[in-house]
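Comments concern the structure below.
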Amino acid sequence: MAKAPKPTVVDAAALIASRKHHPSASPGRTFGASRLPAGFQTVIDPTKHPPQPWRDLPPPTGKVPFHLSLDTVLSKEAIQTITKSGRMVFHAVGDTGGVNTPTQVENVARFMEQDFANADPSLHPSFFYHLGDVVYYDGETANYFPEFYEPYNAYPAPIFAIPGNHDGDVNPATGETSLQAFVSNFCASAPVHRPEAKDSPRDAMTQPNVYWTLDTPLATIIGLYSNCPEGGQLRADQVVWFQSELKSAPPHKALIVAVHHPPYSAYGAHPGSQHLYGILNSACSKAGRVPDLVFTGHVHNYQRFTGSLGGKQVPFIVAGAGGYNAQLHVLAKVFHNTKLPIKMTGSDGVLQSFCDSQHGYLRIQVTKKNIRWDYFAVPDPGKGAGGRLKAFDSVTVAIP
């Protein structure tokens, strides 16, 4: 095995302090956000940031321990395709709600649909796992058709999701409560056709809670809800549930954790959350089980980190370029001008790869022996020929 390259160390705080800037703000004023993450982001004080307060969770629609089995959603024949081939393929990405324009989300969805053209059906994605922020800005019921049902109208597989902060935010003008529309469309008690789906044939998904576990033949996916405050926040009962899910997850299957806010990020306005990292690390240590992979969103780009949980090295993926807006979250120039991998002072995470110039999505393949994921950066509308894309980043990790 080739020796891993030594990471370049970037001290963001020192860089910020060393740079002269004009104009500076007078006391009590703040201008633009820095693209450099000076350190981990903790939970923001909701009294100082009223748009992102903690929002109480809606009651679960299913029974404890909030599991959904893939074989209750897919046909018997579809499950047999997975078990006989020994592989399961699925999509993942977050931050898709095209509130300003549907152009980008529809473009990404079009390329995702092309993954179903393979002559071998075992290579077709079995589902799409959404990493949160389905609907902007405040998870309104009225926006579910233009931001979710219409862009994925022809997506030929089920769509699961964890909520993001925008799904949990509340628009007072609607009279809706936090996550009301998310629960109606993703946590329905039965696969009914919702009025907001209009002429889309897609039924509501039947997840048992806003945090929940997906059981599949080859992988267990634990989905957390990190609420609305920047940096994420989990209530004590969800933390206890998470630890229990880690401990009880089948040891012979891949284990994946999904959460909207990222524990690691190199983007200044949305840096990694020390608070959330501490929750994950503590739960893994107490449970004696570490996930093989962690998926996150929130930051509108692609970043791949190597971090640690429970004393073990774990890949952390930020995949939040699903199509919310034409403008992505661009990292500071120092990251573009520094050779990868990059380690930031104050963090044990190492940035291995990133793409902040194109929207895209993840295609994951799970077998009994390993997990492989490919990140596909899609060309902007009108600039690509259409055809099969070459992966921007591809990684395979063994399942212990």
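The values are calculated or read from the model by the stated rules, or taken from the named source; none is laboratory data. Note that this is a predicted model, so its numbers are computed, not measured. As a convention, Cβ positions derive from the backbone with ideal geometry for all residues, glycine included, and neighbour counts pool all protein chains shown. For accessibility, only protein heavy atoms count, side chains too; no ligands or nucleic acids. Shrake-Rupley method; radii C 1.70, N 1.55, O 1.52, S 1.80 Å.
Computed values, structure above
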item: With every protein chain in place, the stretch 120-236: carbon and sulfur % of accessible area (1.4 Å); result: 54 percent
item: Using θ = phi - 60° and Karplus 6.51 cos²θ - 1.76 cosθ + 1.60, couplings along the stretch 331-337 (whole Hz; Gly, Pro as x); result: 6, 4, 4, 4, 6, 6, 9
item: 10 Å-binned pair-distance histogram of the stretch 182-307 (Cα, whole percent); result: 12, 38, 33, 15, 2
item: Positive minus negative residues near L74 (Lys, Arg vs Asp, Glu; Cβ under 15 Å); result: 0
item: Proximal charge balance of Y264 [Cβ under 13 Å; K/R count +1, D/E count -1]; result: +1
item: Protection proxy ranking, peptides 70-82, 346-358, 156-168, average beta carbon neighbours within 10 Å, highest first; result: 156-168, 346-358, 70-82
item: Unit charges on C-beta of K, R, D, E only; dipole of the chain, Debye; result: 1600 debye
item: Considering only the chain, percent of DSSP beta bridges that pair antiparallel, nearest 5; result: 65 percent
item: ³J(HN,Hα), Karplus 6.51/-1.76/1.60, whole Hz, each residue of the stretch 222-233, x for Gly, Pro; result: 9, x, 9, 10, 9, 6, 9, x, 4, x, x, 8
item: Signed unit charges on C-beta, dipole axis of the chain, positive-most listed residue Q313, T213, T101; result: Q313
item: Accessible area in square angstrom per residue, the chain, 1.4 angstrom probe; result: 43 Å²
item: The stretch 355-400, accessible surface, carbon-and-sulfur percent (1.4 angstrom probe); result: 50 percent
item: Trypsin sites (Lys or Arg not before Pro) within the stretch 356-400: DSSP coil, no more than 14 neighbouring Cβ in 10 Å; result: K368, K369, K383, R388, K390
item: Projected label distance in nm at K383 and S244, using a 7 Å step from Cα toward the beta-carbon; result: 4.9 nm
item: For the stretch 89-162 versus the stretch 301-344, the gap between their alpha-carbon centres in whole angstrom; result: 22 Å
item: Listed residue (P379, P163, V64) projecting farthest to the positive dipole end of the chain, Cβ model; result: P379
item: Among N143, A173, N118 the positive-end extreme of the charge dipole of the stretch 110-264 (Cβ point charges); result: N118
